1. With bins 10 Å wide starting at 0, give me the P(r) of the chain over every alpha carbon pair, in whole percents.
2. When the dipole is taken about the Cα centre of segment 74-185, and only Lys, Arg (+1) and Asp, Glu (-1) are charged at their Cβ, what size is it in debye, to the nearest 20?
3. Counting GluC sites (Glu not before Pro) as exposed when in a DSSP loop with at most 11 other beta carbons within 10 Å, what is the longest stretch of the chain free of them?
4. Compare Gly46, Gly142, Gly122 in a GNM of the chain, Cα atoms joined below 10 Å, and give the one with the largest fluctuation.
5. Please work out how much accessible surface His33 shows to a 1.4 Å probe, ignoring ligands, DNA and RNA, in Å² rounded to 10.
6. Would you mind calculating the relative contact order of the chain from Cα pairs under 8 angstrom and at least 6 residues apart, reporting the percent as a whole number?
7. Explain nothing, just compute: Karplus ³J(HN,Hα) = 6.51 cos²θ - 1.76 cosθ + 1.60, θ = phi - 60°, for every residue of segment 148-161 in order, whole Hz, x for Gly and Pro.
8. With a point put 7 Å past each Cα toward its Cβ, work out how far Ala227 is from Lys115 in nm, to one decimal.
Amino acid sequence: MTSDLPTELPTTADVEINDHDLMLRLTGPGEAHLRELEKELNVTMGLRGDTIRIQGNAEAVAVVERVLAELVDVLARNKKLTGPEIARAARTAANHPEVRLRELFDDVVLTTASKRVIAPKGFNQQVYVAAIRKNDVVFGIGPAGTGKTYLAMAMAVAALQRNEVKRILLTRPAVEAGEKLGFLPGDLAEKVNPYLRPLYDALNDMMSTDKAAMLIERGIIEVAPLAFMRGRTLNDAFVILDEAQNTTPEQMKMFLTRLGFRSRAVITGDITQIDLPGGRRSGLEDAEHLLAKIEGISFCRFSDADVVRHPLVQKIVRAYDERDAHRAAYDAESSPSSSSSDS
C-alpha cells in the first residue's frame with residue numbers, strides 16, 4: 001500500500017568561493033572537512049570547482065548556507081582550523097544563530113608562550129569565560145573534556161599577567177578513584193602529587209616549563225591538595241578547585257570561606273563521576289543547591305555536546321549518560337513508593 005502523503009523533495013543550494021586557498025582550508029584535504037560538516041549538519045555536500053553544492057531538506061540547507069558563510073568569514077581572517085574545530089564551530093553556529101563565529105574565535109583568553117591562542121571553542125565555553133570575567137565565584141559543571149579546568153587556568157594565567165591578582169592557587173581533593181592511596185610510596189606530598197599532575201600538565205601547556213617552575217618556587221603559583229587550604233585566607237588570588245565533585249559539603253564550605261579581598265574562585269567538577277566513599281553527598285551538588293541564587297556566584301553547565309577532546313569522547317559520555325538515565329528511570333518505576341502509589 002502506497003502512502004498518499006507528499007514526499008518533501010530535497011533542496012539544493014550552491015555556495016561559491018572564488019579564493020582557492022580559502023576553499024581548500026574550508027573543505028580540507030580530500031574534502032575531509034566537508035564530510036565532517038555533513039555528519040554534523042545532516043546534509044550532503046559536494047565540491048564542483050569553486051562551488052560547494054548542498055543538498056538536504058530546506059531548513060537544513062538554509063542553516064548550512066549560513067554556517068558556511070560564518071566559517072568563510074573566520075577563515076578569511078587567516079584563522080587556521082582543524083576538521084574537528086570546523087565541525088564544533090558549525091555545531092555552535094547551527095544551534096546558536098545569535099552567535100557570530102568571528103566573535104567567538106576573537107574572544108582570546110590567553111596567548112601561550114608558543115604563540116598558541118586559547119579561546120572558547122563553543123557557545124557554553126564562551127558563556128563560561130564571560131561568567132568568570134564578571135563574577136568572583138564561578139562553578140563549571142559538566143563531563144570530562146569540556147574545557148572547564150583548562151579555560152579556568154588560562155583565565156588565571158591571563159589575570160596574573162595583567163597584574164589583576166598576585167598569585168594563582170590550584171587545588172584538588174585527593175580522593176581515591178578505586179585505588180588505595182596508602183599503598184603509594186613516599187610522604188604525603190609525594191602520595192598526592194599524582195592527583196595534581198593534570199594541573200601541572202595544563203600549566204606547562206600555557207607557559208614555558210622553566211617559567212612555571214620559577215613561579216611555583218617563588219610561591220606565585222601554588223599547586224596543592226585541598227586539605228592544605230584549611231585555615232588560610234586567600235587575598236589577591238585566583239583560586240581553582242578542580243574535581244570538586246569529590247569534596248564533601250564541609251570541604252566545599254571550608255574552601256569557599258578561604259576567599260579574601262580581591263580574590264576570585266572557579267570550581268569545576270563532574271557530578272557523574274563522584275568517588276566519595278560510602279555514598280556521601282558531594283559538596284559540589286550541595287553547593288549548587290545552596291548557592292545558585294546568590295548574586296556574584298555563577299553556575300555554568302556543560303553537556304556532551306561541549307566535549308573538545310577526541311570525537312569518540314563525546315560519544316562515550318553520551319552513552320554513559322543514556323545508560324544512567326535509563327537506570328534512574330527503572331529504579332524510580334520499581335521503587336516501593338512507586339508501586340504503592342500505583343495500587
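1. The calculated distribution, bin by bin, is 5, 21, 27, 22, 15, 8, 2, 0, 0.
2. On the way: 18 positive and 9 negative charges, 74 e Å.
Using only the charged Cβ atoms, the result is roughly 360 debye.
3. Values: sites that count: Glu8, Glu98, Glu179, Glu295.
Counting at most 11 other Cβ atoms within 10 Å as exposed, the longest clean stretch of the chain is 180-294.
4. Maximum among the listed residues: Gly46.
5. 20
6. Working: 517 pairs, mean separation 55.9, N = 343.
Result for the chain is 16 percent.
7. Here the 3J(HN,Hα) series is 4, 6, 4, 5, 4, 5, 4, 5, 5, 5, 5, 5, 5, 5 Hz.
8. For the pair Ala227/Lys115, the computed spacing is 4.6 nm.
The values are calculated or read from the model by the stated rules, or taken from the named source; none is laboratory data. Predicted model, so just to flag it, every value in this text is computed and none were measured. All Cβ positions, even for glycine, are placed from backbone atoms using ideal geometry, and neighbour counts span all protein chains on display. Remember, those area values only see protein heavy atoms, side chains included, never the ligands or the DNA or RNA. Shrake-Rupley method; radii C 1.70, N 1.55, O 1.52, S 1.80 Å.
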